[in-house]
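Participant: Take a look at the following structure, please.
Values quoted throughout were computed directly from the atomic coordinates according to the rules given, and no laboratory measurement underlies them. Computed from a predicted model, the values in this text were never measured in an experiment. All Cβ positions, even for glycine, are placed from backbone atoms using ideal geometry, and neighbour counts span all protein chains on display.
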């Protein structure tokens, strides 16, 4: 069964185009190494909640938006293999975190086993 890595992060609106360029580059690299799907989404209808929400989870600041991303793999084992190759790929491995167009300290991620998948 497939396996999904999910990511949520704050991106300054002024750096969204720069982030999109980085995401396209990263997506191509993930796909080259075996990912089945790569998705990046910018918040459109995301409001702060009373207890939890996407903005609260990333401690969203003025001038930022939330980005929600996911990558689909054949399996967890395949995800581990693909991610190891991606992290070693010189096109990404040499990028300093300080140069990223987002605050990586407020980003969170995890791996997920799909429970229900409906596709039209």
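Participant: Give me the log10 of I(q) over I(0) for the chain at q = 0.12, 0.13 Å⁻¹, as the Debye formula computes it from C-alpha points; what are the numbers?
Facilitator: -0.48, -0.56
Participant: Estimate the FRET efficiency between residue 81 and residue 20 by the formula 1/(1 + (r/R0)^6), using the beta-carbon distance for r and 41 Å for R0, to the nearest 0.05.
Facilitator: 0.90
Participant: What is the Cα centroid distance between region 2-35 and region 65-120, reported in whole angstrom?
Facilitator: That distance is 7 Å.
Participant: Report relative contact order for region 3-112 in percent, whole number only (criteria: Cα-Cα under 8 Å, sequence separation at least 6).
Facilitator: Reported as a whole number, the value is 49 percent.
Participant: Mark the label point 7 Å from the Cα of residue 46 along Cα→Cβ and return the residues of region 79-120 whose backbone N is within less than 19 Å of it.
Facilitator: Backbone N within reach: 100-112.
Participant: What spacing in nm lies between the two simple spin-label points modelled at residue 108 and residue 1, each 7 Å away from Cα in the Cβ direction?
Facilitator: 2.3 nm
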